[in-house]
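The values are calculated or read from the model by the stated rules, or taken from the named source; none is laboratory data. Note that this is a predicted model, so its numbers are computed, not measured. Note that each Cβ is placed from the backbone with ideal geometry, even for glycine, and that neighbours are counted across all protein chains shown. The area values use the complete protein model at the heavy-atom level, side chains included, leaving out ligands, DNA and RNA. Shrake-Rupley method; radii C 1.70, N 1.55, O 1.52, S 1.80 Å.
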Amino acid sequence: QVYLVESGGGLVQPGGSLRLSCTASGDISSISNMGWYRQAPGKQREYVVQIPTRGGTYWPPSVEGRFAISSDNAGKTVWLQMNSLKPEDTAVYYCTAVINGRHWWGQGTQVSVSS
């Protein structure tokens, strides 16, 4: 069994910051493509960022310059640093990874940006 567990969500005022974390555990023989998606109420799930396997990191214009991604040396934990948060960043944030050749999703963590 494989687990992807996110943490760090919460309520923050506009302009504030949050740091999300995601840790993969369990029976892992290979892991890659760790990253984040988000889903706002009434909208489709959308790509946020992924640890690049080669080349640079692609950031959607909606978060570029405000968000940053990092990972540990083992490649099993990723962090999403979110700065200058806006109300439109409100969503459930999902961690994702390809583990043992299969695409896995975490359970999601709620991020709410409101005054």
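Find the residue count for region 95-108, including only residues that are closer than 26 Å to G15 by Cβ and surrounded by fewer than 21 Cβ atoms within 10 Å (Cβ to Cβ).
1
Mind counting the residues in region 34-68 that are outside any loop (DSSP other than H, G, I, E, B) and farther than 17 Å from G108 by Cα?
Initial filter on region 34-68 (outside any loop (DSSP other than H, G, I, E, B)): 34-39, 46-50, 67-68.
From what is left, the residues that are farther than 17 Å from G108 by Cα are 67-68.
Residues meeting the conditions: 2.
Just name the residue that is farthest from H103 (Cα to Cα) out of those in region 43-54 that are exposed (fewer than 12 other Cβ atoms within 10 Å of the Cβ) and at pLDDT below 95. My answer is R54.
Considering only region 66-75, I want to know if a residue exists there that is touching a Lys or Arg at 6+ places or on another chain (Cβ under 6 Å), closer than 20 Å to S112 by Cβ and either open to solvent by 70 Å² or more (accessible area, probe 1.4 Å) or not hydrophobic (A, V, I, L, M, F, W, C) (or both). No, that holds for no residue. The conditions are (1) free of Cβ contacts under 8 Å to residues at least 12 places away in the same chain; (2) in contact with a Ser or Thr (Cβ under 8 Å, 6 or more places away or on another chain), and S7 fails exactly one of them. Which is it? (1) is the only condition that S7 fails. Would you mention how many residues in region 7-33 are surrounded by 13 or more Cβ atoms within 10 Å (Cβ to Cβ), assigned to a strand (DSSP E or B), modelled with pLDDT of 95 or more and not small (G, A, S)? Count: 6. Note on region 76-90: among residues that are buried (at least 22 other Cβ atoms within 10 Å of the Cβ) and in a strand (DSSP E or B), the one that is farthest from the chain's Cα centre (by Cα) is M82.
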